[in-house]
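S.K.: Pasting a structure here, questions to come.
The values are calculated or read from the model by the stated rules, or taken from the named source; none is laboratory data. Only a predicted model underlies this, so the values are computations on that prediction, with no experimental measurement involved. Glycine gets a Cβ as well: all are built from the backbone with ideal geometry, and neighbour counts include every protein chain shown.
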Ligand SMILES: NC(=O)c1ccc[n+]([C@@H]2O[C@H](COP(=O)([O-])OP(=O)(O)OC[C@H]3O[C@@H](n4cnc5c(N)ncnc54)[C@H](OP(=O)(O)O)[C@@H]3O)[C@@H](O)[C@H]2O)c1
């Protein structure tokens, strides 16, 4: 059965995801009719940017939109669904880590709209080129979400809750942990007054290498080479940073183990 095209959306939440998604939808001519947020200031601000109504009471939510997007902290999904009853309206969340079925008490027509990208408040991140992972419990919902996602990006995949959770875990390693590793590098440089800028071409090249072939084939460094003198020197330099030393040892020993098991690629 062909579902109605999604023309009017309600955003529940006003954080990074709601802001980026809201702006991308409006940019494609989709109307965001209403924004709900726990904190009124942030909610009103986003509603103004999207030319939408702001509501502070979730029970006052409009019943006439085509899609309801829960773009709130994962832990808040459970809190909010207790107050949401939307019969057969299409309701999705945007989380990588929460199963779709959690929404089944809200509506008969549920799904997930999970953009596999990192959205921060300080950076404008468009949707073009971003994979969007979809899930829906009806054929009609699948079609509606696919049509909507394809307005924002060419990379649209249906991924079930189990595989989405695994993708999310992989994304934590690939993006969140990488960002923290670079934070450590920045901290070590700044503590000695060394310009962090010096490391940026290396960081860019590392990200570039990952696009080509098997990732581990680009691995370099003292652990990979088995250079124990350099490893010992680095450990000594980290004597005043016990937390960083723990990370250094753990990752170095994993590189050595990975190379032993998989060989030099
Ligand atoms: N940001 C990303 O890179 C990214 C990427 C993919 C998927 N996601 C998913 O998108 C969802 C939203 O993430 P986000 O990055 O937008 O988070 P965020 O910027 O931290 O915003 C969190 C939102 O949740 C609301 N919230 C938090 N606790 C709440 C509670 N107890 N009751 C009611 N509302 C509450 C916040 O309201 P207040 O303003 O009142 O605090 C805010 O609107 C999450 O499921 C996340 O996994 C995020």
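S.K.: Scan segment 54-79 and report the pairs whose first residue is not assigned by TED's automatic domain parsing to the domain that holds residue 41 and whose second residue is part of a helix (DSSP H, G or I) and within 13 Å of the ligand (Cβ to nearest atom), with Cβ atoms within less than 6 Å and a gap of 6+ or a chain change.
M.R.: Going by the 6 Å Cβ cut-off, there are no qualifying pairs.
S.K.: Any idea how many residues of segment 81-119 are surrounded by fewer than 18 Cβ atoms within 10 Å (Cβ to Cβ), over 20 Å from the mean Cα position of the chain (by Cα) and within 15 Å of the ligand (Cβ to nearest atom)?
M.R.: 2
S.K.: Whether any residue in segment 26-36 is part of a loop (DSSP other than H, G, I, E, B) and within 14 Å of the ligand (Cβ to nearest atom) is what I want to check. Give the derivation first.
M.R.: So in segment 26-36, the residues part of a loop (DSSP other than H, G, I, E, B) come out as 28-30.
Imposing the further condition that a residue be within 14 Å of the ligand (Cβ to nearest atom) reduces the set to none.
Within segment 26-36, none of the residues are part of a loop (DSSP other than H, G, I, E, B) and within 14 Å of the ligand (Cβ to nearest atom).
S.K.: Anything in segment 46-70 that is over 21 Å from residue 108 (Cβ atoms) and surrounded by 16 or more Cβ atoms within 10 Å (Cβ to Cβ)? List them, or say none.
M.R.: Taking segment 46-70 and keeping what is over 21 Å from residue 108 (Cβ atoms), we get 46-57, 60.
Selection gives 46, 47, 50, 52, 54, 55.
S.K.: Mind listing whichever residues of segment 213-248 are within 28 Å of the chain's Cα centre (by Cα), assigned to a helix (DSSP H, G or I) and surrounded by 13 or more Cβ atoms within 10 Å (Cβ to Cβ)?
M.R.: Of everything in segment 213-248, those that are within 28 Å of the chain's Cα centre (by Cα), assigned to a helix (DSSP H, G or I) and surrounded by 13 or more Cβ atoms within 10 Å (Cβ to Cβ) turn out to be 216, 218, 244, 247, 248.
S.K.: Among the residues of segment 82-89, is there at least one that is touching a helix residue (DSSP H, G or I) at 6+ places or on another chain (Cβ under 6 Å), farther than 23 Å from residue 5 by Cβ and in the same structural domain as residue 65 (by TED's automatic domain parsing)?
M.R.: Going residue by residue through segment 82-89, those that are touching a helix residue (DSSP H, G or I) at 6+ places or on another chain (Cβ under 6 Å) are 83.
Now narrow it down to the ones that are farther than 23 Å from residue 5 by Cβ: 83.
Add one more test, that the residue is in the same structural domain as residue 65 (by TED's automatic domain parsing), and what stays is 83.
Looking for residues that are touching a helix residue (DSSP H, G or I) at 6+ places or on another chain (Cβ under 6 Å), farther than 23 Å from residue 5 by Cβ and in the same structural domain as residue 65 (by TED's automatic domain parsing), one finds at least one in segment 82-89, hence yes.
S.K.: Something else now. Please determine, by comparing only the residues of segment 154-169 that are assigned to a loop (DSSP other than H, G, I, E, B) and within 15 Å of the ligand (Cβ to nearest atom), which one is nearest to residue 113 (Cα to Cα). Reasoning before the result, please.
M.R.: The initial filter retains those residues of segment 154-169 that are assigned to a loop (DSSP other than H, G, I, E, B), namely 154-155, 159-160.
Next, only the ones that are within 15 Å of the ligand (Cβ to nearest atom) stay: 155, 159.
Values: 155: 13, 159: 10 Å.
Restricting to residues being assigned to a loop (DSSP other than H, G, I, E, B) and within 15 Å of the ligand (Cβ to nearest atom), the top hit is 159.
S.K.: Ok, one more. When both residues are 6+ apart or on different chains and their Cβ atoms are under 7 Å apart, which pairs have a first residue that lies in segment 174-198 and is assigned to a helix (DSSP H, G or I), and a second that is modelled with pLDDT under 95?
M.R.: Short answer, once both residue conditions are applied: 175/118.
S.K.: Go through segment 1-31 and count every residue that is surrounded by 23 or more Cβ atoms within 10 Å (Cβ to Cβ) and over 21 Å from the mean Cα position of the chain (by Cα).
M.R.: 0
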